[in-house]
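What follows is a set of notes on a single structure, which appears directly below.
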Amino acid sequence: MNKDKCGCECSANFPSLHSKADAICAVLVLAMSSDGKIKDREMKHLEETLRINPLFSKIKNYKKYIACIAESIYSRGRESTIESVKSILDKRFRETAYAMSVQMVMSDGKTVPSEHKFLDKIMRELNIHGVLAGKIKSVVAILKRTK
């Protein structure tokens, strides 16, 4: 894929993460797949999340963009992807990536152990303070209330 086809900044031969948007999307794809399955509802939630966030305003085709980022993760591996994310994002955008990943994990209304494990790992890897992580989780839970 190239920039004209998917809207990201990858090369045709080796998908890679180049921008803050690419790095955050990679974290969201990892979050979405942390329970071992990707549901249609989660994919739609991810597309909507990208569509309303100004960081992703230049993306032309969200499905292709997400597929390109997923291909990058598959090509590099999860650990290498997380290392790339860390090198691309500064402290503020690491917090943004973490907050958005909490929203992604909680989008289906329940959080399973593998998703908790992912959030703990990404919190450590992105150097998110535990107090801030707890506040983010609380706010997302409040926003997701249905009863």
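Every read-out reported here was derived from the displayed coordinates using simple, explicitly stated rules and does not represent laboratory data. Computed from a predicted model, the values in this text were never measured in an experiment. Cβ sites come from the backbone with ideal geometry, for glycine too, and all protein chains shown count toward neighbours.
Quick notes
- Structure-based [θ]222 nm, the chain - -39500 (n - 2.57) summed over DSSP H runs of at least 4, per residue, nearest 500: -21000 deg cm²/dmol
- Distance (nanometres) between label positions extended 7 Å along Cα→Cβ at Arg41 and Lys147: 1.5 nm
- Stokes-Einstein D (µm²/s) once Rh is taken as the Kirkwood radius of segment 13-67 over alpha-carbon pairs, at 10 °C in 1.306 mPa s: 136 µm²/s
- Filtered trypsin sites (Lys or Arg not before Pro), segment 41-122: DSSP coil and at most 10 other beta carbons within 10 Å: Lys110
- Magnitude of the charge dipole, the chain, Cβ model with Lys/Arg +1 and Asp/Glu -1, debye to 20: 400 debye
- Over all Cα atoms in the chain, the spread is summed up by Rg and Dmax: 14.4, 49 Å.
- Subtracting the Cα-Cα distance of Arg124 and Ser57 from their residue separation scaled by 0.36 nm leaves 21.2 nm.
- Of all lysines in the structure, those lying under 23 Å Cα to Cα from Lys144, and not within fewer than 8 positions of it along the same chain, are Lys37, Lys39, Lys44, Lys110, Lys117, Lys121, Lys135.
- P(r) of segment 93-147 over all Cα-Cα pairs, binned every 5 Å from zero, in whole percent: 4, 20, 35, 26, 12, 3, 1
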